[in-house]
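Each remark here refers to the structure printed beneath this line.
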Amino acid sequence: MGKYNALNIAWQALRGNKNWQRAWRDPQPKSHYDVIIIGGGGHGLATAYYLAKVHGITNVAVLEKSWIGGGNVGRNTTIVRSNYMLDGNAPFYEMGMDLWRTMALDLNYNAMFSPRGVMNLAHSKAQYDAFARRGNSMCLNGIDAVILSRDEVLEREPALRAADQERFPIFGGLLQPEAGNARHDAVAWGYARAADQLGVDIIQNCEVLDFIKQGEEIVGVKTNRGDIRADKVGLAVAGNSSRLTSKLGLRLPIESHVLQAFVTEPYKPVVNGVVTFGAGHFYVSQSDKGGLVFGGDIDGYNTYAQRGNLPVFEDVISSGLSIMPGLSRLKLLRNWGGIMDMSMDGSPIIDVGPIDGLYLNTGWCYGGFKATPASGWCFAHTIANDKAHALNEAYTLDRFAKGYTIDEKGAGPYPKAH
Amino acid sequence: MLRINCPHCGEREHSEFTYGEDANRSLPATDASLETWNEYVYQRDNVAGEHMEYWHHALGCRTWLKVQRNTLTHEISWVGLPHDMPPSQTEAQS
Ligand SMILES: Cc1cc2nc3c(=O)[nH]c(=O)nc-3n(C[C@H](O)[C@H](O)[C@H](O)COP(=O)(O)OP(=O)(O)OC[C@H]3O[C@@H](n4cnc5c(N)ncnc54)[C@H](O)[C@@H]3O)c2cc1C
Ligand SMILES: [Zn+2]
């Protein structure tokens, strides 16, 4: 299939770009695999890649009901960060940052990881103190965090001056300099292509309808393209997790909610990094094409419809205008929604079981894009060894029953945390 | 836009209401087992399809309402007061 490199691009261009091969095969499903991963989102594709690359397990299929990258991995606002405070989370996300930095080389696919910095704005002394505390815990976990004065904030993002002088004076900010953005589609396509090259079958338009059980053990899945058997079945279907586990009579500590995102027409460079507003829920960055990409709160009622409603639309836009009044002059190009797996403590689940042959990867809330590489890496380890890696051993399903929730927000049982 | 037909106020827009929760959950007895409490506090049916749920008419009559909504389409098929039941279920019971 060949490597992507400058020489190759030049050579193909000279031949009229007619000889590019497809980036991954379109195989028929086999009757049996060592491992089936349900869900061709970022997490499912990354898991398949690391199964093949790190563990040498190549008889793997990724089953995707639609086309790969059509779920949340292709719908998110691409913020990649590791500004977490709690022990169960911080090392996991920070390991992910290492994988982000080397992803393009590793996959031979330009994932466009751009560490342009994620800056949280503080609008009061109390908020600033809370950020200092978060920054200190990040530093204790070896994650770079910088507390910024008001002037430093405005120097980084001059577009915030207007708000600072009007209704929302800026007190300071917390910056994670090594955080940033990546290209959502490229992450899905890069993992797909690299996994395919190692022998993984990526099977699109293949919806898993039910599981095949032998006694108490799961030995395969029923799909719209026939029965497929496997020794191990990994679930990585984000917002659709409960729908599938309900086939097994298994309830999850998860509610499915819709999160909307927005992009404006392309505009000259005006936002340099990722900025989050501290007096309302709004975050924004500017894509390389110039579109301002932003989002805010989830709609708030559980849903599986991949579209949101207007009240949140209005709320996000008005928060945006509060912090960047100039936004009102831009035309909105697109708005969309994605269904997220909101867990009851805001942290994910990467675990074996609870039924033999089943492995769970879910509960990403609205921050699972940044977790893509670390999640795939840890899930592959968990599937290959029937045991969690140290990095994901806190992400168990039974932590809720046992009282070991990882509640970053300190909000108690609540399926609406980040 | 979701519109909810409040039995007291008539059809009002969604932004007047706050979502409560799944209306099929009921509080266990204080001395129920830890397993029962875990199921109540943390585990969810997270239904895809017809869902009975509570909404609060926060910017209207401030009553809690029971709403039957399809979580796949956002379509609302029935609204009542917390002790009411949709006609189909009332018939099924009698
Ligand atoms: C609007 C929005 C903004 C977001 N912003 C950010 C952000 O800035 N930073 C961040 O870190 N995270 C963000 N997220 C969250 C992030 O996108 C998700 O947590 C993450 O993508 C989920 O993992 P995934 O990529 O594997 O999911 P998905 O891409 O949704 O993959 C799951 C796949 O499973 C498939 N599937 C479902 N059911 C079946 C079935 N029965 N059979 C076969 N296949 C099935 C689906 O079609 C889908 O392709 C955002 C999410 C949304 C919606
Ligand atoms: Zn009312």
Q.
Need the list of lysines near A:Lys268 for cross-linking: C-alpha distance under 19 angstrom, and skip anything on the same chain fewer than eight residues off.
A. A:Lys289, A:Lys331
Q.
Show me the chymotrypsin sites (Phe, Trp or Tyr not before Pro) within the stretch B:29-94 that DSSP assigns to loop and that have at most 10 other Cβ atoms within 10 Å of their Cβ.
A. none
Q. Roughly how many nanometres apart are two label points built 7 Å out from the Cα toward the Cβ at A:Tyr404 and A:Arg251?
A. 2.3
Q | ³J(HN,Hα) computed for each position of the stretch A:27-40 - Karplus, 6.51 cos²θ - 1.76 cosθ + 1.60, integer Hz, glycine/proline x | A | x, 6, x, 7, 7, 8, 10, 5, 9, 10, 10, 8, x, x
Q.
If I model a spin label at A:Ala6 and A:Asp151 as a point 7 Å from the Cα along the Cα→Cβ vector, what separation in nanometres do I get?
A. 4.2
Q.
What is the percent carbon and sulfur in the accessible area of the stretch A:117-201, measuring with a 1.4 Å probe over the protein chains and ignoring ligands?
A. 50
Q. Considering the protein assembly as shown, which cysteines have no disulfide-compatible partner, defined as another cysteine with its Cβ under 4.7 Å away?
A. A:Cys139, A:Cys206, A:Cys365, A:Cys378, B:Cys61
Q: Compare each residue of the stretch A:206-252 in its chain alone against the assembly with all protein chains, and report those whose accessible area goes down by 30 Å² or more; 1.4 Å probe, heavy atoms.
A: A:Arg243, A:Arg251
Q) To the nearest 100 Å², how much accessible surface do chains A and B hide from each other in total, with a 1.4 Å probe? A) 2300
Q: Kindly give Rg over Rh for the protein assembly as shown, based on alpha-carbon atoms, with the Kirkwood expression for the hydrodynamic radius.
A: 0.97
Q: Mind giving me the nanometre distance, one decimal, between the label points for A:Ala390 and A:Trp336, set 7 Å out from Cα along Cα→Cβ?
A: 3.9
Q) When ligands, DNA and RNA are left out and all protein chains stay put, how many square angstrom of accessible area per residue does the stretch A:329-418 have with a 1.4 Å probe? A) 37
**Q.** D_trans [Stokes-Einstein, Kirkwood Rh over alpha-carbon pairs] for chain B, 20 °C, 1.002 mPa s, µm² s⁻¹
**A.** 148
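Ignoring ligands, DNA and RNA, what percent of the 1.4 Å accessible area of the stretch A:276-418 is carbon and sulfur? Before the final figure, lay out each step's value.
Numbers: 2620 of 5140 Å².
On the stretch A:276-418, the fraction of accessible area on carbon and sulfur atoms equals 51 percent.
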Q.
Quick check for you: with a 1.4 Å probe and neighbouring chains kept, what is the accessible area per residue of the stretch A:177-308, in Å²?
A. 34
Q: Name the long-range amide H neighbours of A:Ala179: under 5 Å, sequence gap of 5 or more, or other chain; modelled H, no Pro or chain starts.
A: A:Gly117, A:Val118
Q) Here are some pairs, A:Lys53/A:Lys232; A:Lys213/A:Lys387; A:Lys53/A:Lys213; which of them have Cα atoms lying more than 20 Å apart in this structure? A) A:Lys213/A:Lys387; A:Lys53/A:Lys213
**Q.** Minimum 20 Å² accessible area buried by the other protein chains, the stretch B:27-64 residues, probe 1.4 Å, relative to alone
**A.** B:Asn38, B:Glu39, B:Val41, B:Tyr42, B:Gln43, B:Arg44, B:Asp45, B:Asn46, B:Ala48
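The values are calculated or read from the model by the stated rules, or taken from the named source; none is laboratory data. Just so it is clear, the structure is predicted and the values come from calculations on it, not from any experiment. No Cβ is skipped: glycine too gets one built from the backbone with ideal geometry, and neighbour counts run over all protein chains shown. Ligands, DNA and RNA are stripped out before the accessible areas are found, and what is left, the full protein with its side chains, is counted by its heavy atoms. Shrake-Rupley method; radii C 1.70, N 1.55, O 1.52, S 1.80 Å.
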